[in-house]
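Student: This is the structure I have questions about; it appears just below.
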Amino acid sequence: MENVDVVMKLVEGNGDHDLLIRDIIMTALTLSPDKIRRNDIKTLHAAFHEMTQAFQFFAPFSEARKVSIFGSARTDPAETVCAQAAEFAKKVAPNFMVITGAGGGIMRAVQGGAGREKSFGINILLPFEQMANEFIKNDPKLMTFKYFFLRKLLFMKEADALAFFPGGFGTHDEGFEALTLLQTGKCNPLPVVFIDLPGGHHWKDWFSYVEEKLLGNQFIAPEDLKLFKITDQVDEAVHEIVHFYNYYHSMQLIDGKIVMRLSRPLSRQQLESLNDLFSDIIVQGKMIETGPLAEEDEEFQDCDLPRILFHFDRKSFGRLREMINAINDFTKDQA
């Protein structure tokens, strides 16, 4: 290819970052009207540009934990569910920033509850204009997307927790996609909570459908129901999210092995208990304590968090979530 030498000089150095940028440029140079339609190239260009902007948008806040919160933009501000959403956001804000779609209804209530400083808004361009609510309008933490699929990517990529209030097609779409990603291991475990009005049935009725039609027909496994929680109590929803990070910090799947980082070390008794309770998801050996691994993402290679390591069966993600719950339920006096 004539431009190879030019491309190789565009990015100097042999670090992983430089090599990846060169690969991106090389891939772009393979595009031509003979191999791909011009409109497809335009779509690729626009999507790549939007994704780059989005990554830069969130980069300064990479250390902050965030909860993506979903719900109807059409809900009247006077409805009880908006007050409930604002209360939830206010109570979760000390530990998490919030991400919403920046519109009205429940999104507006969430950002009013969390406050502008703790809020992100990722709006979407629609044929009918969706105005950003007053709590995020003109804020530097507001971004507007052209493509739904990229917006959905950011809702998941940046989230350390997900919360769903009653909503329509979009809310249910996000909910099912999140559960699919968790069920198949395409994203790391995180808490997911569906919040009904006190005494309400929006998500309870949804769960009845899931239990009868999906579980009843063996389209999902019983442990998949452990991937989420349904509640009509704000304090219970907040606890579900905050408690998830009681011991658990983060994890990474490396060549069939899970390295799980914890905020404090487990005792020998606690580790033995986990090996007994979750032997069914370990395909070789036992869970062991370990230090940082060279194969871990570079942001964690120098991190001194305690870790456990085990060979995972790579399919029992509902059971993996149960294991994280068991770890988080440990108390210091059990050491």
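Student: Picking from Leu271, Ile258, Gly291, whose Cα lies most toward the positive end of the charge dipole for the stretch 248-334 (charges on Cβ: Lys, Arg +1; Asp, Glu -1)?
Tutor: Of the listed residues, the answer is Leu271.
Student: Right, here's the next one. Quick one: if the Förster radius is 56 Å, what FRET efficiency do Gln301 and Asp76 give, using the C-beta to C-beta distance and rounding to 0.05?
Tutor: Computed FRET efficiency for Gln301 and Asp76 comes out at 0.65.
Student: What chymotrypsin sites (Phe, Trp or Tyr not before Pro) does the stretch 101-193 have in DSSP loop regions with at most 16 other beta carbons within 10 Å?
Tutor: Phe128, Tyr147
Student: If I model the stretch 119-277 as equal point scatterers sitting on the Cα atoms and use the Debye formula, what is log10 I(q)/I(0) at q = 0.11, 0.15, 0.17 Å⁻¹?
Tutor: Rounded to two decimals, the profile gives -0.58, -1.04, -1.26.
Student: Still on this structure, please answer the following. Where both residues lie in the chain, what percent of DSSP beta bridges are antiparallel, nearest 5?
Tutor: Approximately 45 percent, going by the DSSP bridge assignments.
Student: Report the charge-dipole magnitude of the chain in Debye, nearest 20, computed about the Cα centre from +1 at each Lys and Arg Cβ and -1 at each Asp and Glu Cβ.
Tutor: For this selection, approximately 540 debye.
Student: For the pair Glu289 and Ile36, how long in nm is the line joining their label points, each one 7 Å along Cα→Cβ?
Tutor: 5.0
Student: Could you pull out every residue, at least 5 positions away or on a different chain, whose amide H is within less than 5 Å of the one on Phe194? Hs are placed 1.01 Å off N in the peptide plane, and Pro or chain starts have none.
Tutor: For Phe194, whose amide H was placed from the backbone, the distant partners under 5 Å are Phe164, Lys229, Ile230, Thr231.
Student: Can I ask one more? Here is the link list: Lys91/Lys152; Lys91/Lys226; Lys257/Lys315; Lys141/Lys186; Lys66/Lys91; Lys152/Lys186. Which ones come out longer than 20 Å on Cα distance?
Tutor: Pairs exceeding the cut-off: Lys91/Lys152; Lys91/Lys226; Lys141/Lys186.
Student: Given +1 on the Cβ of Lys and Arg, -1 on the Cβ of Asp and Glu, and no further charges, what dipole in debye does the stretch 198-335 carry about its Cα centre, rounded to the nearest 20?
Tutor: 280
Student: Here's another thing I want to ask about it. What's the longest bit of the chain with no exposed GluC sites (Glu not before Pro), using DSSP loop states and at most 13 other Cβ atoms within 10 Å as the test?
Tutor: Between the exposed loop sites, the longest stretch runs 135-294.
Student: Continuing with the same structure: Under 1.5 on a/c is rounded, so check that first for the chain, then, if it is not, pick prolate when a/b is larger than b/c and oblate when it is not; a ≥ b ≥ c are the square roots of the alpha carbon gyration tensor eigenvalues.
Tutor: Judged from the Cα gyration tensor, the chain comes out oblate (a/c at least 1.5, b/c at or above a/b).
Student: Name the residue farthest towards the positive end of the dipole of the stretch 105-153 from the options Leu150, Ala109, Asn133, assuming +1 on Cβ of Lys and Arg, -1 on Cβ of Asp and Glu, about the Cα centre.
Tutor: The one lying farthest along the dipole's positive direction is Leu150.
Student: Could I ask something else about it? State the extension gain, in nm to one decimal, for the chain segment bounded by Leu44 and Lys146, taking 0.36 nm per residue of separation less the distance between their alpha-carbons.
Tutor: Full-extension gain reported as 35.5 nm.
Student: Can you give the FRET efficiency for Lys213 and Cys187, using 1/(1 + (r/R0)^6), R0 = 30 Å, r = Cβ-Cβ distance, to the nearest 0.05?
Tutor: Working from the Cβ atoms, E equals 0.75.
Any read-out appearing in this document is the output of simple, stated calculations on the displayed coordinates, not a laboratory observation. From a predicted model like this one, the values you see are computed outputs, not experimental measurements. FYI the Cβ positions are ideal-geometry reconstructions off the backbone, even for glycines, and counts take in every protein chain you see.
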